[in-house]
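So the structure is just underneath, and the comments pick up after that.
The values are calculated or read from the model by the stated rules, or taken from the named source; none is laboratory data. Not measured: the values here are computed from a predicted model. Here the Cβ positions follow ideal geometry from the backbone for every residue, glycine too, while neighbour counts run over all protein chains shown.
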Amino acid sequence: MTTKIEKSRRMELRWEVGNRQLPEIPLKRPHGSYCMAHACFNCRKSFKQAYSEAEATCPQCARKLHDMGRSFKAPKANDAEQWEKVKPLWLAGFRFFSYRSYPAQNLSRSG
Ligand SMILES: [Zn+2]
C-alpha cells in the first residue's frame, strides 16, 4: 500500500513534469437542459426556451419574457380574462411546476 506521503510526493512530481491532467468537470445547469415556458404578457403568448443566464426576450415584440415554470399552459391569446389572472400570479412569485403525478395549477382549463 502506498502511503499518503508517497502519493503526495508522486503528485508533486507529476505537477512539476506537467503531465498532471485535471478531470473535466461538466458545468451544472440549475434547471437542466429541458425547455421552460416563458410568457409575454404583452403578446399573450408562451414560448418554450432553454434555460439561459441571459434575460429572454419575446421573438415578436422584443420585450422581456417571464419564466413561468415547466408546466405552464398558456391561455388562448384572445382569452384576456385568463391572461389577467396569470400576470398577478407571476408577480406574486407563483411558478407552474408539477410534482411527480400531481399537475400544477392550470389556468387555461379552470374556466
Ligand atoms: Zn411579446
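General remarks:
- Selection from the stretch 62-83 of residues that are assigned to a helix (DSSP H, G or I) and within 16 Å of the ligand (Cβ to nearest atom): Ala80, Trp83
- Residue match in the stretch 17-35 (condition: crowded, with 16+ Cβ neighbours inside 10 Å and modelled with pLDDT under 95): no
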